[in-house]
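Since the structure comes first, as structure tokens, the remarks are kept for the end.
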Amino acid sequence: MKFKFQILLIFLFLTGGLHACECILTKSIEEMVEDADIIFYGTVLGVDDRDDPVYAEQVKYYTFGDDYANKGGYEPIFKIIENFKGGIKDQLVDGKYSYQTEWTNCDRLYKISYSYIFFGNIDDNGKIRTNICMMGGIVNDVTTLEEIKDLTKKQ
């Protein structure tokens, strides 16, 4: 019995580096721009995680410390800098867009004060959704923004 427990522990340690939500991007940037319903560039002003009713139940699974929502979170409030594609204007409140996640392990964590390119699709309920397999993230290179802008103009 002790041997089986040791084997189980070894197995758990060996699989500790696996992530079910990893995604290998196989689409070109052109395909991703074409597939997305919404594309914008914005800066995260804050997060609404604590306002979500799911937060109290899920926070113990998703946080990296009690103060994580002061640094970033899963439900960002974006100040839209530039809209490249889609009807985001209807969802703005005071020039800001609040993105609500599904609270899954595959949701992105957004850092306050960082600027992101955001790719999303509209689900059956009319909500904007993204996932780790869609292009998006912190913008480090302005040429990427220019390329996306050029691609959206061609559509």
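Read-outs: derived from the displayed coordinates by stated rules, not from any lab. Treat the numbers as computed from the prediction; the structure is a model and nothing was measured. No Cβ is skipped: glycine too gets one built from the backbone with ideal geometry, and neighbour counts run over all protein chains shown.
Sorting GLU30, GLU22 on the 10 Å Cβ count, fewest up front, what's the list? It would help to have the intermediate numbers written out before the result.
Working: GLU30 12, GLU22 9.
Fewest to most other Cβ atoms nearby, the residues stand as GLU22, GLU30.
If I model a spin label as a point 7 Å beyond the Cα along the Cα-Cβ vector, how far apart are those points for ASP94 and LYS79 in nm?
Between ASP94 and LYS79, the simple spin-label model gives 1.2 nm.
Go through region 36-41 residue by residue and turn each phi into a ³J(HN,Hα) via Karplus (6.51, -1.76, 1.60, θ = phi - 60°); whole Hz please, and just put x for glycine and proline.
7, 7, 10, 9, 8, 10
For a quick check: with amide H placed at 1.01 Å from N, whose amide H comes under 5 Å from LYS85's, ignoring anything fewer than 5 positions away on the same chain?
ILE39
In nm², what is the average projected area of the convex hull enclosing the Cα atoms of region 82-125? Before the final figure, lay out each step's value.
On the way: hull surface 16.5 nm².
Dividing the Cα hull surface by four gives the mean projection, 4.1 nm².
Go through 132-138, 87-93 and give me the packing order, highest mean Cβ count within 10 Å leading. If you can, show how the numbers build up before the last one.
Numbers: 132-138: 16.7, 87-93: 12.3.
For the peptides 132-138, 87-93, the packing ranking is 132-138, 87-93.
Report the full-extension gain for the segment SER28 to ASP124: residue separation times 0.36 nm, less the Cα-Cα distance, to one decimal in nm. Kindly include the intermediate steps, with their values, before the conclusion.
Details: separation 96, 0.36 × 96 = 34.56 nm, distance 2.55 nm.
Length gained, SER28 through ASP124: 32.0 nm.
Once you charge only the Cβ atoms, +1 for Lys and Arg and -1 for Asp and Glu, what is the size of the charge dipole of region 71-144 about its Cα centre, to the nearest 20 debye? Walk me through the numbers on the way to the answer.
Numbers: 9 positive and 9 negative charges, 40 e Å.
The dipole magnitude comes to about 200 debye.
Given a Förster distance of 25 Å, report the FRET efficiency between GLN155 and ILE112 from their Cβ-Cβ distance, rounded to the nearest 0.05. Before the final figure, lay out the partial values.
Values: r = 32 Å, r/R0 = 1.28.
Efficiency at R0 = 25 Å is approximately 0.20.
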